[in-house]
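*Asks:* Pasting a structure here, questions to come.
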Amino acid sequence: MTREEKAQLIAGLTEKFQQTDHFYITDTSGLTVAEINKFREMCFNKGVEYKVVKNTLIKKALDGIEGDYSELDNVLKGFSGVMFVNENANVPAKVIKDFKKEDKDQRPKFKAASIDSDIFIGEDQLDALSKLKSKQELIGEVITLLQSPAKNVVSALQSGGDTLAGLVKTLSERE
C-alpha cells in the first residue's frame, strides 16, 4: 500500500469516526472465512458497518478527530475490526453476543467501544453495553412517566364528574 493510499484510507476512516457517534473495536482472529462472512452478514442485517483495519491506521484516524481516545492505545494490538453504528449504540454489542452464542470459542472478542465519546474497555463491559437503551426508548419512557400523573388526574376528574352529575340530577328530582 502506497503512502497516498494510506493517507486516503486514514482520511476516510477519520471522516467515518467523525460522522459516527458509536463505534466498537473487536478481535475476530481465529475465525474461519465462513465465520467472518457470517459475522459480517449479521452486522449488515442489523445496520452495523464492519471494517477490518490496521491498528496504526485506526490510531492515526482517531488522532485526527476531536476528543481524547488515548485510552484505546492499549487495546489496539493484534487483529482489530471496527463496527460503526449511528443510532442504537447497543446493536453491535447484541450482534457480538448473538454470534458468541453460536461460536464455541467465544469469538469475536470485544476490545473496546466509544459511545458518545465515553470509552468502554474490556470484555466485561459487553453485557452492560448490550442493555443500553436507545434514545427513542428513553424518550418513550420519559413520556410515559410524564403522562401517568396527568392520566390519574383526568380519570379522577371524570369519575368525580359522573358523581357530581348524579348528585345534581337527584337534587333536581326532589321537590
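*Asks:* Pick from PHE79, PHE110, PHE99: which is in a strand (DSSP E or B) and surrounded by 13 or more Cβ atoms within 10 Å (Cβ to Cβ)?
*Replies:* Answer to the check: PHE110.
*Asks:* Shifting gears a bit: Being outside the structural domain of TYR50 (by TED's automatic domain parsing), outside any loop (DSSP other than H, G, I, E, B) and either among the aliphatic types (A, V, I, L, M) or under 24 Å from THR32 (Cβ atoms) (or both) narrows it down to one residue among LEU72, LEU126, LEU138; which is it?
*Replies:* LEU138
*Asks:* Let me ask another. GLY47 versus (1) modelled with pLDDT of 90 or more; (2) at negative phi; (3) part of a loop (DSSP other than H, G, I, E, B): which is the lone unmet condition?
*Replies:* Result: GLY47 fails condition (2) only.
The values are calculated or read from the model by the stated rules, or taken from the named source; none is laboratory data. Please read all numbers here as calculations on a predicted model, not as lab measurements. Here the Cβ is made from the backbone with ideal geometry for all residues, glycine too, and neighbour counts use every protein chain on show.
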